[in-house]
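Heads up: the structure comes next, in structure tokens.
Every number here is computed from the coordinates shown, using simple stated rules; none is lab data. The structure displayed is predicted, hence computed values, not measured ones. Every residue, glycine among them, receives a Cβ derived from its backbone with ideal geometry; neighbour counts consider all protein chains shown.
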Amino acid sequence: MATGANDRVLISAAAFVRAVSTGFIGVALGLYLARAGFSAATLGAVISAGLAGAAVAAALATVLADRVGRRRFLFITAATGALGTAAFAFAASPAALMATAFVGMLNGMGRDRGAALILEQAALPSTTTDTGRTRAFAWYTMLQDVGHGLGALLAGVPAAMQPGAATGAGAYRAALLVCASLAVGTAFLYLRLRSGVEHSAGAERQRLTPRSRAILLKISALFCVDSLAGGFLTTSLLSYFFFERFGASEMSIGALFFGARLLNAVSHLGAAWLASRIGLVNTMVFTHIPSSVLLATVAFAPSFAIAAALFLLREGLVEMDVPTRQSYVLAVVEPAERTVASGITNLVRLAAWAVAPALAGTLMQAGSLHLPLVIGAAMKIAYDLLLWSAFRSTRPPEEAAVSQHGAARR
């Protein structure tokens, strides 16, 4: 277990470093492109291109990672992301921005998604026990959101150091090169992982059992709805919304998302505690619906202060489904199926995310700044209701064991 704990620390450290970069890019991307004179439609297209690149990498991870080795694939992914991000910093046309965003898997969501997340999630359960799994995911996702928050806070620094529009854009380019260097750092962390994070040595890639296939088909369809909604609500688009609607400064927006990510981080530990009492699915659904209602109110807030307060209330709830969702998906399939299960569910989410930002950017360009928030909130509420209806009776091993023990006592 000592080896497992060491690998768990390395995985979490890599996720934290990557999250700092993701948090920065999520907030800074919209601000950088606005300062550089690009339109909301271009921003949406760039976000979609970056997510499309992440989706391709996620598909490759799902199919190839267990064959070539998780550690090797993680290293290659991190190195490719570093090269693409560095190239993005020097891109000058919309086409070049989209191409380098694709190669660099640039994440305008402001939350960590992609091939690395798939493989880290697949490996994490092997570093702990069934009873410790949700707690391990809670700490893992908490560190990610602390990193997201730190990155978001740093997003306002370049503009503060060089407040002019043109010079501010130059400062953001330099910061993007720092993000590329962080990706190099995660690549070297992956090289230190032990063989325990790999799929069973010598084992052939296992076909999904009929039960797992049915679960993944149903839950992936629901995740597609949730992710389409999330694509209307990327951090870059929300930053653009606050900037254009209320004239909020870069420092104010960065501080807002820093506070949001800290609330996300604390909520993950709360999610693990709540899930141990009411179950993973109930925790996912009954914390998510109120967060979507709060999001809809942000769209119609009369001032930045009120919008920020409502947004922070929303962020205290919205991420409680993340560690519970990750733990649930990997608990209801066989251990040998975890890379495929993590890959399929994350790939579906990425593909759906890649579609929506371009449409959201077009809506904003047409003057409907609030509409993406309303559409995203409504779709998320529909997803939550469908998820609870479909999966409230499908329990992970630890909940099934408690249920059987209670039935035996009766």
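Derived from the Cα gyration tensor, the three semi-axes of the equivalent ellipsoid of region 75-142 are 33, 12, 7 Å, largest first. A viscosity of 0.692 mPa s and a temperature of 37 °C, combined with the Kirkwood radius over Cα pairs in Stokes-Einstein, give a translational diffusion coefficient for region 1-55 of 246 µm²/s.
Just from its helices, what would the mean residue ellipticity at 222 nm be for the chain, if runs of 4 or more DSSP H residues each count -39500 (n - 2.57) and the sum is divided by every residue, rounded to the nearest 500 deg cm²/dmol? Roughly -27500 deg cm²/dmol at 222 nm, from the helical runs in the chain.
Other residues lying with their Cβ under 13 Å from the Cβ of residue 280 contribute a combined charge of +2, Lys and Arg counting +1, Asp and Glu -1. Counting only Cβ charges, +1 for Lys and Arg and -1 for Asp and Glu, the dipole size of the chain around its Cα centre is about 660 debye. With K and R counted +1 and D and E -1, the other residues having a Cβ less than 11 Å from that of residue 349 yield a net charge of +2. Relative contact order, whole percent, for the chain stands at 28, derived from Cα pairs under 8 Å and 6 or more residues apart.
Our note on the geometry: Cα centres of region 211-228 and region 15-68, 23 Å apart.
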